[in-house]
Amino acid sequence: MRDEYLTVAREGVHETEVNRSRFLCALAPAATEEQARAFIARVRALHPTATHNCTAYVIGADAAVQRADDDGEPGGTAGAPMLQMLLRREVRYAVAVVTRYFGGTKLGAGGLIRAYGGAVGAALDALGTVPRRRLRLVVVTVDHGRAGRLENDLRATGREVRGVTYGAEVVIEVALPAAEVDAFRAWLAGATAGAARLAPGGETFGPGAAE
C-alpha cells in the first residue's frame with residue numbers, strides 16, 4: 001500500500017476557455033465515494049443550464065475506487081481524461097466536476113480530451129495539492145495525575161494528538177509515522193516513569209512531511 005499521496009488542498013473552482021466554450025472545473029477533497037457524489041450533485045445543482053457537467057473522482061490511497069462520467073459528451077472524451085489527469089498527478093481522495101458552457105464551436109474528440117483534461121490540470125495548479133502520509137494510531141492510557149503534563153509534552157514535541165478521553169483513567173490517542181512507534185514507546189516510558197500503557201491502534205493518514 002502507498003505510504004503517501006497527494007490530495008486537493010481546498011475546495012474551489014477554476015475556469016478555462018477553449019474556442020469560446022467555458023470550462024469551469026470544481027475540485028474538492030473527498031474522503032468517501034458518498035462525499036464525492038454529494039459534491040457532484042451540489043455542483044450540478046449550481047449549473048442546471050450548462051451543456052455538460054462531467055465528473056471524475058478517485059477514492060483510496062491506492063486509487064481503489066475510480067469513477068468517470070462523460071455526461072453526454074462523446075464516450076471517453078471528458079470523464080476519462082479528467083480521471084487520467086487526477087491519476088497522472090498522483091491525486092487521491094478527490095473529486096472533479098468540469099462544467100461546460102458551449103461556445104458555438106465544436107472541438108472534436110481530440111479537442112475535448114485536451115480541454116477536459118487540461119481544465120482539471122489547470123485547476124490543480126490553481127488550487128494546489130497537499131501531501132498526506134500513512135500514520136499509525138497508538139492509544140496511551142495514563143492516570144489523571146500525569147495526564148495533563150503528558151498531553152502538553154506530546155503537543156510540545158510535535159506529536160499529533162487525535163483525541164483525549166477522560167474516565168477512570170485518561171486515554172490519549174496519538175498518530176505517529178509507523179517507523180517512530182518503537183522510539184515513541186521508549187520516550188513514553190521515560191516521560192511517565194513507566195506508568196503509562198501503550199496499545200497499537202489502526203492506520204490513518206495525516207499531513208505529509210512536506211507540510
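The residues of the stretch 1-39 that are under 16 Å from residue 83 (Cβ atoms), touching a Leu at 6+ places or on another chain (Cβ under 9 Å) and among the small types (Gly, Ala, Ser) amount to a single one, 26. How many residues does the stretch 143-184 contain that are surrounded by 14 or more Cβ atoms within 10 Å (Cβ to Cβ) and in a helix (DSSP H, G or I)? Within the stretch 143-184, residues that are surrounded by 14 or more Cβ atoms within 10 Å (Cβ to Cβ) and in a helix (DSSP H, G or I) number 9.
List pairs: first in the stretch 31-60 and at positive phi, second open to solvent by 60 Å² or more (accessible area, probe 1.4 Å) and modelled with pLDDT of 95 or more, Cβ under 9 Å, 6+ apart or cross-chain? Listed pairs, sorted by first residue: 60/66. Filter the stretch 7-31 down to the residues that are more than 18 Å from residue 56 (Cα to Cα) and touching a His at 6+ places or on another chain (Cβ under 9 Å) and list them by number. Within the stretch 7-31, no residue meets the criteria.
The values are calculated or read from the model by the stated rules, or taken from the named source; none is laboratory data. Values in this document were obtained by computation on a predicted structure and should not be read as measured data. Methodologically, a virtual Cβ is constructed for each residue, glycine included, from the backbone with ideal geometry; neighbour enumeration extends over all protein chains shown. Heads up: the accessible areas ignore ligands, DNA and RNA and are worked out on the full protein's heavy atoms, side chains in. Shrake-Rupley method; radii C 1.70, N 1.55, O 1.52, S 1.80 Å.
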